[in-house]
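Here is the structure we will look at.
Every number here is computed from the coordinates shown, using simple stated rules; none is lab data. Values in this document were obtained by computation on a predicted structure and should not be read as measured data. Cβ sites come from the backbone with ideal geometry, for glycine too, and all protein chains shown count toward neighbours.
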């Protein structure tokens, strides 16, 4: 304190200003900046948790439709006797061909017995107009059965310029 009294008033003011600036720097560096960083981290954490909660809420809102879809998928893999299941799919294909106005020729392949599911391969030869064939394929994909189209070949028929020929190999999965 004795030293401060020996300083001139101008030097005292400069020392006081320097002390206040150093004090402000220390306050900002050691107190305000860490609190500011912590606040930013907490905001980010809250935003992240809010996004997760919204995503979970969306999933929960879709749970009913997902459960309905899974039940429909289970229903599409129908179980039953081999002959009944096979004749049912053949009848559905024939009805679909009649409604689409397509000439259908079926060539069933032997069933492969992979436990616990059975796979039936069917080769279909179709003849008809482009619209009719597309209607048949659309109906085939909308059947409530688990079907995969393994091969699809389409070609024109030289004798009939307005008609197309299609060859499909489909696989039906049954329990």
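How much space per residue, in cubic angstrom, does the convex hull of the C-alpha atoms of the stretch 1-72 take up?
76
Please provide three numbers in whole Å: the alpha-carbon extents of the stretch 124-175 along the principal axes, with the largest listed first.
43, 17, 10
Bin by bin, in steps of 5 Å, what percent of the Cα pairs in the stretch 82-174 do you find, going until the bin that has the longest distance?
In order of increasing distance, the bins hold 3, 14, 25, 25, 16, 9, 5, 2, 1, 0 percent.
Using a Förster distance of 35 Å, how high is the FRET efficiency between residue 154 and residue 67, based on the Cβ-Cβ distance and rounded to 0.05?
0.35
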